[in-house]
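The values are calculated or read from the model by the stated rules, or taken from the named source; none is laboratory data. Nothing here was measured: the structure is a model prediction, and the numbers come from that model. Every residue, glycine among them, receives a Cβ derived from its backbone with ideal geometry; neighbour counts consider all protein chains shown. For the accessible areas, the whole protein counts, side chains as well, though only heavy atoms, and no ligand, DNA or RNA atoms are used. Shrake-Rupley method; radii C 1.70, N 1.55, O 1.52, S 1.80 Å.
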Amino acid sequence: MFKNLLKYLLVALPVVFLFGCGNKTISNGEAVAKVGTSKLYLEDVSSVIPDNLRREDSILMAEDYIRKWIKQELLLQKAEENLSGEEKDVSKQLEEYRKSLILYRYKNELMKQRMDTTVSEEQILGYYNENPEKFMLNKNIVKAIFIKIPNEFANQEQLKEMCSDTSTEGIIELRDYCVQYAKVFDIFMDRWVGFQAVEKYIPETIENPEQFLKNNQVMERTDSDYYYLVSIHDYKLKNEPAPIEYVKDNIINLILNRRKIDFLKQLENNVYTEGVEKNKFEILKSETNGNE
């Protein structure tokens, strides 16, 4: 069925698939599939296919889209046949969804226009100091350097000396050297990372990472092909307070989320107060309540 349909598309309307030239010539109103009274039109298929695809890729993508549309329509047809009129009545849900969507867009637009999204360093530090329990580490983190380099290029003393120079110039020099000679390297000096990001490169199992970090600033290993160097410049252990720079982005999000909640709560209160002042609503008592 799909092959016949594609044959129709390619022979009767070949211009649709000339996407390789960036064109999407469409024959308006041309149906390419039908399930019951529902029709899928050529422009619907064309609209989901990106420009500049190869002809073969365009065909495959069109075939997949048509197949999915047919399956969905068949399933919808089956649902229409088997559900009761009451079960198919979704007007209430649609109205609730419409209201939710309108409110969501309105609130978002107001927040874009009026809510302050600036978070100062003082606010970040204040939140960090006021909520220390929220920022305990759940893993070991480090600032470190890892290098795996072929033995023939491994000047071990020079590499250790280069790793000890944490100046901007020193890091640039080390990076340039590693790009040229190292098989694998990572320089985590400008940010904290989980120790597992370094540990995965070490050619042995570390049974006690906490003890390893306490006892090792530099670890060297050599096998028949490579020299491995791990240089630990700073570390924080699991269950210790996280460095503020490690959780800074999280703090900003927490502050903004709190600010968003307060903004929306104030918005609702303001709208309600305006409604009271301008008599925009009334609370209607039921007949039962009125007789009590």
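So how do 266-274, 57-65 stack up, highest first, on mean other-Cβ count within 10 Å?
On the way: 266-274: 11.1, 57-65: 17.4.
The packing order, highest mean first, is 57-65, 266-274.
With all protein chains kept in place, the per residue accessible area of region 38-77 amounts to 62 square angstrom at a probe of 1.4 angstrom. The accessible surface of region 93-160, taken with every protein chain in place and a 1.4 Å probe, is 50 percent carbon and sulfur. Scaled to the globular estimate 2.2 N^0.38 Å, the Cα spread of the chain, given as radius of gyration, is 1.69.
Computed about the Cα centre, the dipole magnitude for the chain is approximately 1100 debye when only Lys and Arg (+1) and Asp and Glu (-1) carry charge, each at its Cβ.
Could you report region 140-292's accessible area per residue, 1.4 Å probe, as an integer in Å²?
Values: 9950 Å² over 153 residues.
With all protein chains present, region 140-292 gives 65 Å² per residue.
Once you've got the GNM for the chain with C-alpha springs shorter than 10 Å, pick whichever of L174, L53, L229 has the biggest mean-square fluctuation. Of L174, L53, L229, the most mobile in the Gaussian network model is L53. Given the DSSP H assignment, sum -39500 (n - 2.57) over each helix run of at least 4 residues in the chain and divide by its residue total; what's the result at 222 nm in deg cm²/dmol, nearest 500? Value at 222 nm, helices only, nearest 500: -16500 deg cm²/dmol.
Ranked by solvent-accessible area (1.4 Å probe, protein heavy atoms only, all chains present), the residues S38, S46, S164 order from largest to smallest as S164, S38, S46.
Result for the chain in a Gaussian network model with C-alpha springs under 10 Å: among D51, D234, D249, the largest mean-square fluctuation is at D51. Working from Cα pairs under 8 Å separated by at least six residues, relative contact order for the chain is 17 percent. For K248, a cut-off of 27 angstrom between C-alpha atoms picks up these lysines, skipping any fewer than 8 places away in its own chain: K107, K112, K134, K139, K143, K200, K214, K236, K238, K260, K265.
Would you mind giving the three semi-axes, in whole Å and largest first, of the ellipsoid equivalent to region 24-101 according to its Cα gyration tensor? Present the calculation step by step, with values, prior to reporting the outcome.
Values: eigenvalues 192, 56, 26 Å².
Equivalent ellipsoid semi-axes, largest first: 31, 17, 11 Å.
Compute the relative contact order of region 121-270 as a whole-number percentage, counting only Cα pairs closer than 8 Å that sit 6 or more residues apart in sequence. Taking the mean separation of contacting Cα pairs over the length of region 121-270, I get 39 percent.
Pairwise Cα distances in region 150-292 exceed 23 Å for 59 percent of all pairs.
Kindly state, to the nearest 0.05, the FRET efficiency for Q211 paired with Q123, given R0 = 51 Å and r defined as their beta-carbon distance.
Numbers: r = 38 Å, r/R0 = 0.74.
Efficiency, rounded to the nearest 0.05: 0.85.
Counting only residues at least eight positions apart within a chain, or on another chain, the aspartates and glutamates with an alpha carbon under 12 Å from that of K39 are E30, E73.
For the options K236, K280, K265, a Gaussian network treatment of the chain with springs between C-alpha atoms closer than 10 Å singles out K280 as fluctuating the most. Estimated at the nearest 10 Å², the accessible area of M219 is 10 Å² with a 1.4 Å probe.
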